[in-house]
Amino acid sequence: QVQLVESGGGLVQAGGSLRLSCAASGRTRSSYVTGWFRQAPGKERQFVARISWSGLTTYYADSAKSRFSISRDNAKNTVYLQMNSLKPEDTAVYYCAADRGNTYSTSISAYDSWGQGTQVTVSS
């Protein structure tokens, strides 16, 4: 099992930036895809971005393209989500998750290990 802990959330003004971190512990030697998801109040959890174990393959939701960047440092067992040009509609709890089956899916059901989430609030 892989345990994930997110950090880096907070309150930021529109147009600002935040970098989220997802630190992994446990069975970190096995390769897996890592994804970021977010859930706004009253809405379903939605896919944001994912990255392969090697870091060479990334994929973004349309809402994240050109503004967000996902990366990973396997030596530190950490995946990052750099978020720029933030908008009020980016306000949500952000979760990272591990796709240990390496399905490269954007579906929540493909991810079997989840962190507790970190709150991102963007003020207008």
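Would you confirm whether or not the range 69-80 contains a residue that is more than 16 Å from GLY9 (Cα to Cα), in contact with a strand residue (DSSP E or B) (Cβ under 6 Å, 6 or more places away or on another chain), open to solvent by less than 60 Å² (accessible area, probe 1.4 Å) and of a type in the set (Ser, Thr, Tyr)?
Yes, the range 69-80 contains at least one residue that is more than 16 Å from GLY9 (Cα to Cα), in contact with a strand residue (DSSP E or B) (Cβ under 6 Å, 6 or more places away or on another chain), open to solvent by less than 60 Å² (accessible area, probe 1.4 Å) and of a type in the set (Ser, Thr, Tyr).
Cβ contacts < 6 Å: first residue closer than 14 Å to SER71 by Cβ, restricted to the range 38-59; second residue in a loop (DSSP other than H, G, I, E, B) and acidic (Asp, Glu), any location; separation 6+ or different chain. Result?
none
Have a look at ASP112, ASP90, ASP62 and point out the one that is open to solvent by 50 Å² or more (accessible area, probe 1.4 Å), modelled with pLDDT of 95 or more and charged (D, E, K, R).
ASP62
Taking the range 2-50 as the search range and keeping residues that are basic (Lys, Arg), over 22 Å from SER123 (Cβ atoms) and at pLDDT 95 or above, which one is least open to solvent (accessible area, probe 1.4 Å)?
Among those residues, the one meeting the criterion is ARG50.
Could you grab the pairs with beta carbons closer than 7 Å, sequence gap of 6+ or different chains, first residue in the range 75-89 and farther than 15 Å from TRP53 by Cα, second one open to solvent by 90 Å² or more (accessible area, probe 1.4 Å) and hydroxyl-bearing (Ser, Thr, Tyr)?
Going by the 7 Å Cβ cut-off, the qualifying pairs are PRO88/SER124.
The values are calculated or read from the model by the stated rules, or taken from the named source; none is laboratory data. It should be emphasised that the depicted structure is a prediction, and the values quoted were computed from it without experimental measurement. Cβ: placed from backbone, ideal geometry, glycine included. Neighbour counts: every protein chain shown. For the accessible areas, the whole protein counts, side chains as well, though only heavy atoms, and no ligand, DNA or RNA atoms are used. Shrake-Rupley method; radii C 1.70, N 1.55, O 1.52, S 1.80 Å.
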